1. Can you give the charge dipole size of region 223-282 about its Cα centre, rounded to the nearest 20 debye, using +1 on the beta carbon of Lys and Arg and -1 on the beta carbon of Asp and Glu?
2. May I ask what percent, to the nearest 5, of DSSP beta bridges between residues of the chain are antiparallel?
3. Can you tell me the Rg and the Dmax, both Å, for the Cα atoms in the chain?
4. Let me have the relative contact order for region 23-64, percent, based on Cα pairs under 8 Å that are six or more residues apart.
5. Counting only helical runs of four or more DSSP H residues, what would the 222 nm mean residue ellipticity of the chain come to if each run contributes -39,500 (n - 2.57) and the total is spread over all its residues?
6. What is the packing order of peptides 260-270, 120-130, 207-217, taking the mean over residues of other C-beta atoms within 10 Å and listing the highest first?
7. Between 178, 104, 129, whose Cα lies farthest towards the positive end of the dipole of the chain when Lys and Arg beta carbons carry +1 and Asp and Glu beta carbons carry -1, centred on the Cα centre?
8. Dipole size in debye (nearest 20) for the chain around its Cα centre, Lys and Arg Cβ +1, Asp and Glu Cβ -1?
Amino acid sequence: MTTPPVNSRAAAAATEAVSELAPEAFGRVLVLGGGYTGSRFATVLARHGIATSVSHRQPREPDPDLDPEATGGVTAPHPLRFDPANGILPSARELAGVTHVLVTIPPDGSGLDPVLDQLGDQLAAMPLQWLGYLSTTGVYGDTGGAWVDETAATVPGLERSRARLACERAWRSRGLPLQVFRLPAIYGPGRTPFNDLRQGRARLIHKHGQVFCRIHVDDIVGALLHNLALPAATRPETLILADEYPCPSSETLGYAAHLLGCKLPGLQEYDQIAATMSPMARSFWSENRRVSSALLRQGLGYRLRYPSFREGYRASLNPTA
Ligand SMILES: NC(=O)c1ccc[n+]([C@@H]2O[C@H](COP(=O)([O-])OP(=O)(O)OC[C@H]3O[C@@H](n4cnc5c(N)ncnc54)[C@H](OP(=O)(O)O)[C@@H]3O)[C@@H](O)[C@H]2O)c1
């Protein structure tokens, strides 16, 4: 998966969110999993002068876009290796001084948490002030389209969501200053339907009553920063990060086609094409729920930059605007 570009609009939005933070409140931030969301979060912190490390399984070349000389001295996150399947762990030196950790790494193929498994004891012995764990709203299972919030029962229907809930519980049992963030589909630059539409691969699918929820990657970063700026005692242990507009995928695809000025593919009935879809794609259509971010927005006062996919798609299409 490509790392989203940190463009001027995103950088401006991030500056707004990050300005709530006091860099001196941080030792070093360790982001475990420098993928789509983790790299974005790490970059924003580093640009704000907070010492930040970010893990990858493979060795990384320095990102030319984040070369301090090219960015006028702006700091870049320090890449480190974390590849537990091959016995590659951060060194004691790389863990020294870490006060805040964000875990974006999903359960492994056996359903276990590779971070807890390999670093759990070390993290528990460190003087951490915050450990954010990115989870999924899949833990709520199928609600037939009904709304859920953080107080709803967790009844995961999919194997991967059951594994996720088990990992959440394992993290909660460690006595760490933990915040679990439950996410629906993540989108943003490079993760929109635009390329599928351009290349004729998009499918316009209808399933009666079916909606999907989503969150723009910059609102994940913004919400994490917002939580970090709150007094520790007021940070919820579990928080849903989602925009305000669950809707059918035909609506999002229709708007994406409108923005591109291209034709939509013909409408297909889900029941007639389900057998042609991959098991993973079918699993997304097997559950229907609306997840509420009222606690984030009204309870904690976070203002979504992208309250619906419309603002998010426009910004993703023209990321330098
Ligand atoms: N994508 C979605 O729509 C969505 C929806 C709900 C929840 N989530 C969850 O939210 C989190 C962040 O999502 P994302 O889309 O930003 O993730 P992502 O782009 O796939 O990045 C995941 C990161 O975790 C690392 N990683 C994965 N498995 C690993 C392992 N076994 N050992 C070590 N490192 C490993 C990857 O390492 P490399 O850099 O080496 O590849 C990558 O840096 C994930 O836990 C994801 O499951 C995602």
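1. 180 debye
2. 10 percent
3. 19.6, 58
4. Result for region 23-64 is 45 percent.
5. Here the helix-only value at 222 nm equals -9000 deg cm²/dmol.
6. Order by mean packing, descending: 207-217, 120-130, 260-270.
7. Positive-end residue among those listed: 104.
8. 460 debye
Every read-out reported here was derived from the displayed coordinates using simple, explicitly stated rules and does not represent laboratory data. What you are looking at is a predicted structure, and each value in this text was computed from that prediction instead of being measured. Neighbour counts run over all protein chains shown; Cβ positions are idealised from the backbone, glycine included.
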